[in-house]
Amino acid sequence: MTRLGVVLSGRGSNFLALADQVRAGSLTAEIAVVISNRPEAPGLTAARERGLTAVSLPSRGLDRETYDRQLIEALRTHNADWVILAGYMRILSAAFVRAFPSRILNIHPSLLPAFPGLDAQHQAFDYGVKIAGCTVHFVDEHLDHGPIVMQAAVPVDPLDTADSLSGKILLEEHRIYGAAIQRLITTPWEIQERRVVFTRSTL
Ligand code: GRF
């Protein structure tokens, strides 16, 4: 069974959606560990409540390289095959990216490459886009930048506010993150330049 190492900093709704999908059997993986760099993250409490292995690994006061070494060690201790970033609010070092080649995923609440960085939903709303969305992508050393695995579009309704739009995007995040992971762990794929190519179609 593929072992997922979930890394988060906050609320953890994407993690919980993955945990639900694991429980339901639509995601055929196990959550090996949930790690938070913020000890007070609600996502960490939720993981404990579900009886999952939850590790608090505070990043405060540590430089990126030092912290990332600890994070790599914690993920290896729990034999994580994939690193699943789920609202992890730190940029990863090159050494971390090299430690898990093509095995780190992130979910971002915009249709990348539009609106990388913080508050992407508000950025998109303020820009006036008619189609917003979210992206599951591989992680490289640049912010919100690696090859795209899956995206979902969310039409912006004239009555939407930035907050209502964020809620609609979040529902799509919860749907496609697990779907993207399931596809990657069950069907052959390769990365050609920037393109994630599934080499056998799944109908
Ligand atoms: C999500 O919007 C995700 O796209 C972004 O951070 C947020 C995390 O939310 N990377 P949650 O902690 O999963 O609820």
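The values are calculated or read from the model by the stated rules, or taken from the named source; none is laboratory data. No experiment lies behind these values; they were computed from the predicted model shown. Cβ coordinates were reconstructed from backbone atoms using ideal geometry, including for glycine residues, and neighbour counts include every protein chain displayed. With ligands, DNA and RNA removed, areas are computed over all heavy atoms of the protein, side chains included. Shrake-Rupley method; radii C 1.70, N 1.55, O 1.52, S 1.80 Å.
Which one of these is outside the structural domain of Val83 (by TED's automatic domain parsing) and open to solvent by less than 20 Å² (accessible area, probe 1.4 Å): Ile185, Ile169?
Just one listed residue meets the conditions, Ile169.
For segment 129-157, which residues satisfy the criterion of being open to solvent by less than 30 Å² (accessible area, probe 1.4 Å) and in contact (Cβ under 8 Å) with a residue 40 or more places away in the chain?
Residues satisfying the conditions are Cys134, Val136, Phe138, Val139, Gly146, Pro147, Val149.
So for segment 23-34 (the condition being of a type in the set (Asp, Glu) and in a strand (DSSP E or B)), does at least one residue qualify?
Checked segment 23-34: at least one residue is of a type in the set (Asp, Glu) and in a strand (DSSP E or B).
Name the single residue, out of those in segment 12-39 being within 13 Å of the ligand (Cβ to nearest atom) and within 24 Å of Arg69 (Cα to Cα), that is most open to solvent (accessible area, probe 1.4 Å).
Step by step, filter segment 12-39, then rank; the result is Arg38.
Quick check on this structure: which one of Ile191, Ile176 is surrounded by fewer than 16 Cβ atoms within 10 Å (Cβ to Cβ) and either within 19 Å of the chain's Cα centre (by Cα) or over 20 Å from Gly117 (Cβ atoms) (or both)?
None of the others qualify; the one that does is Ile191.
Quick one: in segment 104-136, which of the residues that are outside any helix (DSSP H, G or I) and among the polar types (S, T, N, Q) is nearest to Val83 (Cα to Cα)?
This residue is Asn106.
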